[in-house]
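K.L.:
I am attaching a structure below and will ask some questions about it afterwards.
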4 protein chains.
Amino acid sequence: MTNGKISEQAVEMLNRAKAWWTTRLIDIRPGVIRIKGEPIENLIGNVGYAHMVWLMLRDEPPTPAQTRLLEAALVAAVDHGPQAPSIAISRMAVTCGAPLNGAMASAINVLDDIHGGAGQQCLALFQAIDSHAQTRPLDAAVQLALDGFVAEYGKVIPGYGHRFHPVDPRAVRLLALVDAAQASGEVEGRFARIGRQVEKALGERTGKQIPMNIDGATAVVYGELGFAPELARGLFILSRSVGILAHAWEQKNQGGRIKGPMPPDLGYTYLQDN
Amino acid sequence: MTNGKISEQAVEMLNRAKAWWTTRLIDIRPGVIRIKGEPIENLIGNVGYAHMVWLMLRDEPPTPAQTRLLEAALVAAVDHGPQAPSIAISRMAVTCGAPLNGAMASAINVLDDIHGGAGQQCLALFQAIDSHAQTRPLDAAVQLALDGFVAEYGKVIPGYGHRFHPVDPRAVRLLALVDAAQASGEVEGRFARIGRQVEKALGERTGKQIPMNIDGATAVVYGELGFAPELARGLFILSRSVGILAHAWEQKNQGGRIKGPMPPDLGYTYLQDN
Amino acid sequence: MTNGKISEQAVEMLNRAKAWWTTRLIDIRPGVIRIKGEPIENLIGNVGYAHMVWLMLRDEPPTPAQTRLLEAALVAAVDHGPQAPSIAISRMAVTCGAPLNGAMASAINVLDDIHGGAGQQCLALFQAIDSHAQTRPLDAAVQLALDGFVAEYGKVIPGYGHRFHPVDPRAVRLLALVDAAQASGEVEGRFARIGRQVEKALGERTGKQIPMNIDGATAVVYGELGFAPELARGLFILSRSVGILAHAWEQKNQGGRIKGPMPPDLGYTYLQDN
Amino acid sequence: MTNGKISEQAVEMLNRAKAWWTTRLIDIRPGVIRIKGEPIENLIGNVGYAHMVWLMLRDEPPTPAQTRLLEAALVAAVDHGPQAPSIAISRMAVTCGAPLNGAMASAINVLDDIHGGAGQQCLALFQAIDSHAQTRPLDAAVQLALDGFVAEYGKVIPGYGHRFHPVDPRAVRLLALVDAAQASGEVEGRFARIGRQVEKALGERTGKQIPMNIDGATAVVYGELGFAPELARGLFILSRSVGILAHAWEQKNQGGRIKGPMPPDLGYTYLQDN
C-alpha cells in the first residue's frame, strides 16, 4: 500500500462516522436534492403541503383522496384561541422579546401528553379496538378496549367530550368527509365505525351523550389513513403551528411588554400556611 | 343599584381582564368556531393548508394563484438533511427520550437569525430595494441597498450562494413558477426582477456567479405575495417543521440512546492552555 | 346594596380569577418580596444558591449539612463535554443565531427520560427498595425491586455503569461525602447502603462489576436528603445548566455559523432502498 | 507505508473531525473528568455552585469575596411569582403534560431581550459609561451614554424603575453588599458609583425618583466582578431557573389539566372588524 492510500483502519473509522446519521428521507449531492428518491424540483409546484407531509412520513406516496383527508385534518386543528395554553404561551413569549421561532418553540413544546396527546391516545385506543375486532364483534371489542383503557388510565376517554363545545363542529365535518370518502370507496370506514361505536358505548356507560371531539375525529381520519398513533401528535403539531404562528404575529403587531397571564391588578393568590 | 347588579367597579375590572388577550383571528362560542369570520366547518375539506396559513396571517383571503405560490414555497424548504443543525437536533432529542413535540420544539427554536433568518433578511433587503426603486432606476436602487446592507451587516448577502450547491435546484424551480405566474398576470414580477438584479450586481461586485438560493427564491415569492419580512421566517418554520418531524420519527424507529453529534471514538478536541 | 359596592357575583368571579394561580412559594406586595415567608433581603448575602434551591422545593429549610450535600451533587454534574447531546445542542444553537436563553432552552429540553431521567429512575428504584426493606432484609428487598424493575423496564439499571468511565470519579467522591455525613450523624446512610447493595446484586447477576455512576450517586444523595424522584431530574437540570451555559458562551466566542454535528465533508449516509 | 498505517489523507480528515468541536472547559478520559484542569473530585464537596459557575465562565478562579457577591446575585433573582410570564409558562406547561425539563425549557426560552435582557442591557450601558469615564468626569460620561442609549433604544432605561415595587428590596440589599465589599477592598466600587450616578441623572431628567431595580443591581454586581454583559442574561437564567423549577413542581402537586392563562369563564376578547 502506498503512502497516499487510505488505510483500512481509517476507512473503517470514517465509515462509522458517516454511518452515525443515516436516513432514507433525503439524498443531497451538489446541485441535487431528492426527497424519497424524487428530485425536489419535481415536487415544488406539483404537490401540496399535505402531500409532502405524507411523503416524508410514509413509505408510499398518497393517493389524491388520502391527501384530501389528511389536508382536512391539518386544516381543522389550526387554532382554538388565546385561552389554549399553547397559544397563550406563544403570545406571552413575543411580549418577552422572543422571535417567532422562539415563541413557536416554547408553544409547541407544551403540546405534550395532555394538551397535544389526546389524538394519539385516541388513535391507540381505536387501533386496539380494531385489533380486538379481528376475533369478536365490534361492540364487544369496544367494551374490552374501553375496560382496559379505563383500568390503566382512568375514566376520561381522549377524543370524546369538550369542556366548551356541546358538539364540536370540526368533528362533525371531518366525519362527514370520511363518510363521503367511504361512499366513494376511497377509505374503508373501519375507524369511523369504531369511533361511533365508542361514542355509543360511552353514552350507555355514562347515561349522557359525550360526542366525539376534534381529537377523536382526527384519530378517525388518521386511523383510516394508516398513520401510527404517535404521528397523530406530530400531525396535530403541524396543524396547530399555524395558529401559534398567527397569534405570535398578531401579538407582535399589538405590542405589549412582559405580558403575564392576567392583568397585574387581578393577580394571583398567595396561600399562607397557618 | 340593587343587590343583584354587578357594580361598575367590578364590571370595569372584569372587562379589563377580558381585554387582556384580544384577537381578530378566532371567535369561539359553544358549538361555534369562526376563523376570520368563517365557520371552521366551511373551511375543513374546502380549503388547503396553505390557504389556511394565508387566512390566519393576512387581512384578505388568498386567490388560488397566491395559494399555489405560497404552497410551492412551503413545499420547497421542508428538509435539507441531518447535517442541518435543526434536523440533527430533532434526531438527537429523540435519542434523549424527548417526545415528538419536544424534539420539534428544540429544533424549531434554533431556526434563529442565522439558521432560519436568511429569508427574512433577504426579503427586507428586497423591500428596501423596491422602496428605493420608486425614485430611481432598479440597478441604482440595488447598488444603494447593497451598499447599505454591507455597511451594516457585512459582505455575506442572505439569499445568495450555497456552501454545498453550485446551483440550488429549489431556487431555479421557484423562480420559474414566479415567472409563469407573472406571464399569466397573477403576480407583478417586481420581486423576481429585484432578485435577479441583485444576483447580477453580486456577480459584478465579486467577479463570480453567486446564484440565488432557496432563501432568496422564497424571499422573491413572499415579496410577490406581500408578506412582511418577519413572516418569511415564520413560513420557513412551517415548512422545515415537516422535515424536523419526519427525521424525529425516522430516528425514533431507528432507535439509539443519547446519540451525541459524532461517534464517541471520534470525539472532540480538548484545548489545553499552556 | 349601594352603587359603590361590588356585587356578590362579580366578587365571586374576581375571586375565582385571583385563585386561578395560587402559590405557597412567594408573596409579593409593593416593596415586599417574601420567599416562604422570609423577606428576600434577609436571604440575599446570607444563604447560598443551594440553600435557596432547597427552600423553594421543600417545606422546611435545610440544615447546613443538608445544604453541603445538595451543593456537592449540584457541583458534580455540571458538565460532561461537547459529546453529550445537551451540550452539543447548546453549541449548535449558538451557531444558528440563538441567544443564550434560546440555546439553553433547546438544550435543557432534551434532558428527558433517557438523557436526564436516570437519576430520577434510580431514586425511584432506591425508594422502592427502601419501602420493601421495611418488612424484609435489605438484600431480599433489592432482589425484589430489581426483578420488578427489569420486568417493567428491561435489563439496563439506571445509575450503574458508564459507557466511557470504568469508574466514575464523581460517584466515588459523592459517596465518600455521604459516608462522612453519616459518620457525623448528619444523614442516616440508608440510601448509601441501598445503592451499594444494588451494585453488589448487579455484580452477582451479571458476573461483572457495574459500578455506580453519577446518576446513582446523586440518587443516593437525593435519597438521603428526602427529595422526590422527579426532583432528581430537576436538580440535575440546575446542575447541567451551568455546563450548557458555559459551552454556549465558549461557542459564541469561538464563532462559527450553522455548525452541523459533523464536518460537512464527513456527512451522513443516505440509505437507498433497492 | 504499510497496509496497517493510517494514510495522511485519512489522518487529516479524522483530525478535522475531532477538531469540529473544541473546548477549554473540560477534559474527559476514561475514569478522569477535569474542569479547567482541575479533577472534578477535588471540586465536589470543596467548592459551591457559585464557584463552579464562575470557574466555567471565566479564565481565572474566583476569590471567596467574588464568589460571595456572585452567589448573592444568583439568590436575589430566583423568583418573582406566577404573574411573570416565565413562571406562568412553566406552570401552564406542567398542566399540558410536560415533564420538568420541558416546562423549564419553554419557560427559560422566553427570558429573551425584554423579559430576561434588562440586566445585560444595563451592564452594557454601565460599561459604556465606564469607558467614557476614562477621559471625562463621571457625570458627563453618564449623560453621554444616556443620550446615546435613548437615541438608539428609546426612553426606558433598563435596570431602573419597577412597575410594581416603589423600591426594589433586592436592589437595596445587593448594593449594600457591594458597598461592604468595597469597604473591605474586595471590589473597586466603580460600577456601584456608575449605577448611582445613572439613578441621579434619571431623577434629574424626569423630575421623579426612578430607583435601581434588581436588573440594575445585578448589573452593578456583575460589572464589579468583570462579567461580559451577555453573561448577565446567562446568570439571570441560572437564578430564575430555581423559581421556574419550583413553580413547575408546585403546579404538578396541585394538579390541573390544560390550564390556560385565565379561568375559562373570563375568557378573551374577540375583536370583530366592522
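The values are calculated or read from the model by the stated rules, or taken from the named source; none is laboratory data. For clarity, every value in this text was computed on a predicted model and none was experimentally measured. Every residue, glycine among them, receives a Cβ derived from its backbone with ideal geometry; neighbour counts consider all protein chains shown. Areas reflect the complete protein model, heavy atoms only, side chains present, ligands, DNA and RNA absent. Shrake-Rupley method; radii C 1.70, N 1.55, O 1.52, S 1.80 Å.
K.L.:
Within the group D:195, D:207, D:203, which residue is within 28 Å of residue C:28 (Cα to Cα) and buried (at least 20 other Cβ atoms within 10 Å of the Cβ)? Please lay out each step first, then the result.
P.N.:
Values: D:207 fails: buried (at least 20 other Cβ atoms within 10 Å of the Cβ); D:203 fails: buried (at least 20 other Cβ atoms within 10 Å of the Cβ).
Just one listed residue meets the conditions, D:195.
K.L.:
Could you check residue A:270 against (1) open to solvent by 40 Å² or more (accessible area, probe 1.4 Å); (2) away from chain D (no Cβ under 14 Å); (3) over 16 Å from the mean Cα position of the chain (by Cα) and say which number it fails?
P.N.:
Result: residue A:270 fails condition (2) only.
K.L.:
Starting from the stretch C:240-269, keep only residues that are on the phi > 0 side of the Ramachandran plot, then list their pairs with residues that are in a loop (DSSP other than H, G, I, E, B) and crowded, with 23+ Cβ neighbours inside 10 Å whose Cβ atoms are within a distance under 8 Å, requiring at least 6 positions of separation or different chains.
P.N.:
As it stands, the answer is C:258/B:84; C:258/B:115; C:258/C:96, since those pairs meet every condition given.
K.L.:
Can I ask one more? Starting from the stretch C:1-18, keep only residues that are within 10 Å of residue B:10 (Cα to Cα) and at the interface with another protein chain (Cβ under 7 Å from one of its Cβ atoms), then list their pairs with residues that are modelled with pLDDT under 85 and in a helix (DSSP H, G or I) whose Cβ atoms are within a distance under 6 Å, requiring at least 6 positions of separation or different chains.
P.N.:
C:6/B:9; C:6/B:10; C:10/B:10
K.L.:
Pull up the stretch D:112-129, narrow it to residues that are among the polar types (S, T, N, Q) and touching a Pro at 6+ places or on another chain (Cβ under 6 Å), then point me to the one that is farthest from the other protein chains (Cβ to nearest Cβ).
P.N.:
To start, the set of residues in the stretch D:112-129 that are among the polar types (S, T, N, Q) comprises D:120-121, D:127.
With touching a Pro at 6+ places or on another chain (Cβ under 6 Å) added as a condition, the list becomes D:120-121.
Details: D:120: 9, D:121: 11 Å.
Out of the qualifying residues, it is D:121.
K.L.:
Of the residues in the stretch D:71-107, how many are under 18 Å from residue C:90 (Cα atoms) and more than 9 Å from chain A (Cβ to nearest Cβ)? Outline the logic, then answer.
P.N.:
Applying the first criterion (under 18 Å from residue C:90 (Cα atoms)) to the stretch D:71-107 yields D:101-107.
Filter again for more than 9 Å from chain A (Cβ to nearest Cβ), leaving D:101, D:104.
The number of residues fulfilling the criteria is 2.
K.L.:
Continuing with the same structure: Within the stretch D:43-54, which residues are open to solvent by less than 20 Å² (accessible area, probe 1.4 Å) and more than 7 Å from every other protein chain (Cβ to nearest Cβ)?
P.N.:
D:54
K.L.:
Can you tell me which residues in the stretch A:138-159 are outside any helix (DSSP H, G or I) and open to solvent by 20 Å² or more (accessible area, probe 1.4 Å)? Steps first, please.
P.N.:
In the first step, residues of the stretch A:138-159 are kept if they are outside any helix (DSSP H, G or I); the result is A:154-159.
Matches in the stretch A:138-159: A:154, A:155, A:156.
K.L.:
Only one of (1) of a type in the set (A, V, I, L, M); (2) open to solvent by 10 Å² or more (accessible area, probe 1.4 Å); (3) outside the structural domain of residue A:165 (by TED's automatic domain parsing) fails for residue A:214. Which number is that?
P.N.:
All conditions are met except number (3).
K.L.:
Taking the options D:73, D:93, name whichever one is in contact (Cβ under 8 Å) with a residue 24 or more places away in the chain, not polar (S, T, N, Q) and not assigned by TED's automatic domain parsing to the domain that holds residue D:233. Walk me through it before giving the result.
P.N.:
Values: D:93 fails: not assigned by TED's automatic domain parsing to the domain that holds residue D:233.
Just a single option satisfies the conditions, and that option is D:73.
K.L.:
Still on this structure, I have one more. Kindly check whether there is at least one residue in the stretch D:62-70 that is within 20 Å of the chain's Cα centre (by Cα), open to solvent by 40 Å² or more (accessible area, probe 1.4 Å) and either within 14 Å of chain A (Cβ to nearest Cβ) or of a type outside the set (Val, Ile, Thr) (or both).
P.N.:
Yes, because at least one residue in the stretch D:62-70 is within 20 Å of the chain's Cα centre (by Cα), open to solvent by 40 Å² or more (accessible area, probe 1.4 Å) and either within 14 Å of chain A (Cβ to nearest Cβ) or of a type outside the set (Val, Ile, Thr) (or both).
K.L.:
Of everything in the stretch D:8-22, what is over 34 Å from the mean Cα position of the chain (by Cα) and either more than 19 Å from residue C:260 (Cβ to Cβ) or hydroxyl-bearing (Ser, Thr, Tyr) (or both)? Give them in sequence order. Explain how you work it out, then say what you get.
P.N.:
Of the residues in the stretch D:8-22, the ones over 34 Å from the mean Cα position of the chain (by Cα) are D:8-16.
Hits for the stretch D:8-22 are D:8, D:9, D:10, D:11, D:12.
K.L.:
Give the residue, chosen from C:207, C:243, C:203, C:195, that is under 30 Å from residue C:62 (Cβ atoms) and more than 14 Å from chain B (Cβ to nearest Cβ). Explain how you work it out, then say what you get.
P.N.:
On the way: C:207 fails: under 30 Å from residue C:62 (Cβ atoms); C:243 fails: more than 14 Å from chain B (Cβ to nearest Cβ); C:203 fails: under 30 Å from residue C:62 (Cβ atoms).
None of the others qualify; the one that does is C:195.
K.L.:
Let me ask you something else. The conditions are (1) part of a helix (DSSP H, G or I); (2) over 24 Å from residue D:237 (Cα atoms), and residue C:93 fails exactly one of them. Which is it?
P.N.:
Result: residue C:93 passes all but (2).
K.L.:
Within the stretch D:87-114, track down each residue that is under 30 Å from residue C:117 (Cα atoms) and surrounded by fewer than 24 Cβ atoms within 10 Å (Cβ to Cβ).
P.N.:
Going residue by residue through the stretch D:87-114, those that are under 30 Å from residue C:117 (Cα atoms) are D:87-112.
Answer for the stretch D:87-114, where residues must be under 30 Å from residue C:117 (Cα atoms) and surrounded by fewer than 24 Cβ atoms within 10 Å (Cβ to Cβ): D:95, D:97.
K.L.:
In the stretch B:118-127, how many residues are farther than 11 Å from residue B:223 by Cβ and open to solvent by 20 Å² or more (accessible area, probe 1.4 Å)?
P.N.:
To start, the set of residues in the stretch B:118-127 that are farther than 11 Å from residue B:223 by Cβ comprises B:118, B:120-121.
Next, from what is left, pick out any that are open to solvent by 20 Å² or more (accessible area, probe 1.4 Å): B:120-121.
Final tally of qualifying residues: 2.
K.L.:
Right, another one. Would you check if residue B:79 is open to solvent by less than 10 Å² (accessible area, probe 1.4 Å), among the charged types (D, E, K, R) and either at pLDDT 95 or above or over 18 Å from residue C:261 (Cα atoms) (or both)? Outline the logic, then answer.
P.N.:
On the way: open to solvent by less than 10 Å² (accessible area, probe 1.4 Å): yes; among the charged types (D, E, K, R): yes; either at pLDDT 95 or above or over 18 Å from residue C:261 (Cα atoms) (or both): yes.
When the stated conditions are applied, residue B:79 passes them.
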